[in-house]
Every structure is written in structure tokens, then in C-alpha cells.
Amino acid sequence: MSSIETLKALPEKFAVRLDNHMLITLEGEQADSYLQGQITVNVNKLTADHARHYAHCDNKGKTWSVGYVARFNSKIAMIANKASGAHTLAQLNKYGVFSKADIIDESNAHTLWFVSSNTVGDALSHFSSSVVTQEDIERLAAASEQGTSLASFANDSLLAFQTGFKSGGVVLVLTEEATEQVQANLNQHSVPQLEASTFDALQIESVHPALSESAVAEYVPQMINVQALNGIDFDKGCYMGQEVVARTRFLGKNKRAAYSFTLPMFVDVKAGASLEKQLGDNWRVAGKIISVATLGKETHFIAVLSNDTTPEDLHRLADQTDVTCYPNALPYNIEQKASNIVKKRR
């Protein structure tokens, strides 16, 4: 694996193996109905040609994991980082014992890759047209509206879907046989294979939240901008934490949001560390860091702060007060007005 110094140093084409992520699948007669009662998006309306962002919450509306959910033939696939995905797997198995659904960690049976949009054709070349068509490749390589419309397709060999990142890119979930073919394709086309921290940095650049261990079950989904990624369907029926999530939305109670920061140097920052904001001559605790990615000469992190934070607000690391920084402008709109709608239970 190769490394890069900064995101600006990204090669034109590249691939990243996502060994720090996990694949959870649900299959069976009640897989859809069970997951419908667990996550923030409407599983009943999940189609085979589009993936979705999701959040999985406890009964207090605090988020166990965030990630992607997609149809994978007869299965439903959930992809999240290992730190938070392990909590979702445990909770799904805990509550799913009486459901007719098989809930399996398939991380060891598949490999996960992220490839730049212009690498999709190279990565999926030499597959037969019955597995991957040119139309499939073109749909995946096309630009998508960030965070919302995530083109997807699946077959017995692979699942592929857009990430919604600012810079584009596609996640590939591959069987063992498909992994060998994709690896050979990448080698044949001399596509650089970069470290997993590259994907993490791109995720943070796009302000797509990922939860470290210290952030699990700490935040309502709106505090980490899941609604801005079309990851919450407010008109669906009941699910774990739904009352809190809905009340936060319809009463306009949320006062927190996630923001990204970029330090032009390597800094040893840990998830869970506090961030302070300058107020006049004083500094006050502003929030905590939920995810970090470090490159050779660049450090990226996301922190949950007051949702009125602006790019002009100076912050510093609470345990490294000489390191100051400004939040990046958000690439999407997080505003949600209070509503007079009264939601009825279904």
C-alpha cells in the first residue's frame, strides 16, 4: 500500500482497500420488516439501484453506527467502520433472536474497496457482460448529488455503490473470486493502492460522519448531520429511537452539528479529545472529536459543535493548546426548521 502526504497529492486514479470496515448482512423472511424497525431509513422503499446512508440508534435516539445500507441480491447489506459496526451487529442480534432473519458478519467472506470514480471501469474490466455491463459502469462513474442519490447495483459476485463524496468514488463489496479479478485489473492498469486513511480523510472532507468507539451512543443522528445526507426518513413508521429523532426534528430542538477541520501538518489527535472555542480573551469547551484521519503532512477530523458555528470561529485542541484551527465550510445544508406537524404512531 502507498501513502500520500495530503489530499491534494491524490493520484488521478487510485483504490483503497477498506480493511477497517465491516459488512453486516440480513437475509430471510423477516429481514426487511426487522431492519425497518431498527434504522432511520425506510427499508421497505430501499431499491436495488440506489444505496442509502443510515443511522442505527438505541431507544434514547443515540447513534450506535452510521454507514451505508443497500440491497445485495436476496440480502440487505450494511457497511460501517468496525468500531461502530460491531455495536450495531451486537444490537441487531440481541433484538433479532425472535425474527426470521439471519444476521451475519460477512466481513471475512468479502473484501471492501473504495475506488475513485474514474477507476471504476478499470477495476471492473474483464468481468463478463452478464456480471457487469457498460451501463453499470457508467452509472457508477457518473457524478452524483453529494450524499443523496447513490447509484448501486449487485449480483452474485459483487455489490457496488456511490459514496456521495465531494470528489466522487465508489465502494465495491467483493466475493473472493471477484476480489482476485479486481486485484488483477488494478495491477494491470497500474492503479495505485493507497492506505485506508485516504478513504477516512475523504470521508471527513465530505463531512460524512463515522463514529469512533468513544462516540458510540453519544449523539442523536441530527447532531452528526445524518439528515443532511438523506439518511433519515421522517415519514416512516416506528424504529429504535424514533420518538427522540422525530421530536428533535419537529420541535427544532437540535443545537449541535458535525464540522470538519484540516490541519496542514501531522498532529497526534485522538477521537474523543475536546475542542475549545475562542470567546473574546477566553476559551471554552466547544465539543468533542468523533473521527480522525492522518496523512503524512495533513490531519483531518470531525467534531460535534454548536450548530451555529462558522468558518470564522477559532478553535484549538484542549490538550494541545498551541494547535489552533478553523472549521471548514459545510458542503451541504443542515438547517431544519421547526414543524407544527404532529406525528401519529403507526
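Any read-out appearing in this document is the output of simple, stated calculations on the displayed coordinates, not a laboratory observation. If you're wondering where the values come from, they're calculated on a predicted model, not measured in any experiment. Note that each Cβ is placed from the backbone with ideal geometry, even for glycine, and that neighbours are counted across all protein chains shown.
Using helices alone, I'd like the mean residue ellipticity at 222 nm for the chain: each DSSP H run of four-plus residues gives -39500 (n - 2.57), total over residue count, nearest 500.
Values: 7 runs with 64 residues, N = 346.
That calculation yields -5500 deg cm²/dmol at 222 nm.
Would you mind telling me which residue in A303, A178, A201 has the biggest mean-square fluctuation in a Gaussian network model of the chain, where springs connect alpha carbons within a distance under 10 angstrom?
Result: A178 has the largest fluctuation of those listed.
If one puts a single equal scatterer on every Cα of region 1-93 and applies the Debye formula without solvent, what log₁₀ I(q)/I(0) results at q = 0.16 Å⁻¹?
So the normalised log intensities are -0.71.
Where does region 213-325 land on Rg(C-alpha)/(2.2 N^0.38 Å)?
For region 213-325, the normalised Cα radius of gyration is 1.18.
In a GNM of the chain with a 10 Å cut-off on Cα contacts, which of N333, N282, N155 has the highest mean-square fluctuation?
Among N333, N282, N155, the largest GNM mean-square fluctuation belongs to N282.
Can you sort M1, M265, M78, M240 from fewest to most other Cβ atoms within 10 Å of each residue's own Cβ? Walk me through the intermediate numbers first.
On the way: M1 13, M265 10, M78 26, M240 21.
Placing the least packed residue first, the sequence is M265, M1, M240, M78.
How much net charge surrounds L26 when only other residues with a Cβ under 13 Å from its Cβ are counted (Lys, Arg +1; Asp, Glu -1)?
Numbers: positive: R71, K75, K100; negative: E27, E29, D32, D102, D105, E106.
Result for the neighbourhood of L26: -3.
Based only on Cα atoms, what mean projected area does the convex hull of the chain have, in nm²? Kindly include the intermediate steps, with their values, before the conclusion.
On the way: hull surface 69.2 nm².
Averaged projected area of the chain's Cα convex hull equals 17.3 nm².
Mind telling me which of Q38, Q134, Q242 comes out most flexible in a GNM of the chain, alpha-carbon contacts under 10 Å?
Q134
Sketch the reach of a paramagnetic label on K253 as a point 7 Å from Cα along Cα-to-Cβ, and name the residues of region 206-230 whose backbone nitrogen lies under 12 Å away.
Residues 220 fall inside that zone.
Between S33 and S125, what length in nm is gained on full extension when 0.36 nm per residue of separation is reduced by their alpha carbon distance? Each step should come with its number before you reach the end.
Details: separation 92, 0.36 × 92 = 33.12 nm, distance 3.66 nm.
In short, 29.5 nm is gained.
To the nearest Å, what is the center-to-center distance of region 157-228 and region 39-67, using C-alpha atoms only?
The two parts, judged by their Cα centres, are 17 Å apart.
Just want the ordering: V267, V292, V285, from fewest to most Cβ atoms lying within 10 Å of their own Cβ. Don't skip to the end; give the middle numbers.
Numbers: V267 15, V292 24, V285 10.
The fewest-first ordering by Cβ neighbours comes to V285, V267, V292.
Testing the spin-label approximation: label points 7 Å from Cα along Cα→Cβ at N44 and N282. State their distance in nm.
Between N44 and N282, the simple spin-label model gives 5.2 nm.
With N set to the residue count of region 13-194, report its C-alpha Rg divided by 2.2 N^0.38 Å to two decimal places. Write out the running numbers ahead of the final one.
Values: Rg = 16.0 Å, N = 182, 2.2 N^0.38 = 15.9 Å.
Taking the Cα Rg and dividing by 2.2 N^0.38 Å, one obtains 1.00.
Kindly put F153, F98 in sequence by how many other C-beta atoms sit within 10 Å of each C-beta, fewest to most. If you can, show how the numbers build up before the last one.
Values: F153 21, F98 8.
If I rank by nearby Cβ atoms, fewest first, I get F98, F153.
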